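Enquirer: Below you'll find the structure I mean.
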Amino acid sequence: MSHFYDSTRTRRRELAPGVTARSIWGERIMMSHIEIAPGAEVPLHTHPHEQAGAMLEGVMEMTIAGETRTLRPGDSYVIPGGVEHSARALEGWALTLDIFSPPREEYKD
């Protein structure tokens, strides 16, 4: 098992139209670079995994538990397991770094 990864060489998985993820994981944690095309949306959903994230590039509107905020680089968020959330890129491409615990099996290769 490698301890180092080149995220540009990991498999890109489509999560929704215009939304892709590149993920790496360990036994109890997963990290995903999420790219959202201009105007693309991550539909309202929920999962049992705890999720934390940070905006790296672009501008994104995110709704967590009915509260909506506009996020820019440097902004972060935490989503408890089982809480509804969604996201939408507003101005060009958006790039986030999302952390999941435990790892999401459906994101693995």
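Enquirer: Mind listing whichever residues of region 28-43 are more than 14 Å from A89 (Cα to Cα) and either out of contact with any helix residue (DSSP H, G or I) (no Cβ under 6 Å at 6 or more places or on another chain) or of a type in the set (A, V, I, L, M) (or both)?
Expert: R28, I29, M30, M31, S32
Enquirer: Among the residues of region 34-92, count how many are of a type in the set (A, V, I, L, M, F, W, C), surrounded by 13 or more Cβ atoms within 10 Å (Cβ to Cβ) and over 16 Å from L15 (Cβ atoms).
Expert: 9
Readers should treat all values here as calculations from the given coordinates under stated rules, not as data from a laboratory. For clarity, every value in this text was computed on a predicted model and none was experimentally measured. Note: ideal-geometry Cβ built from the backbone for every residue, glycine included; neighbour counts use all protein chains shown.
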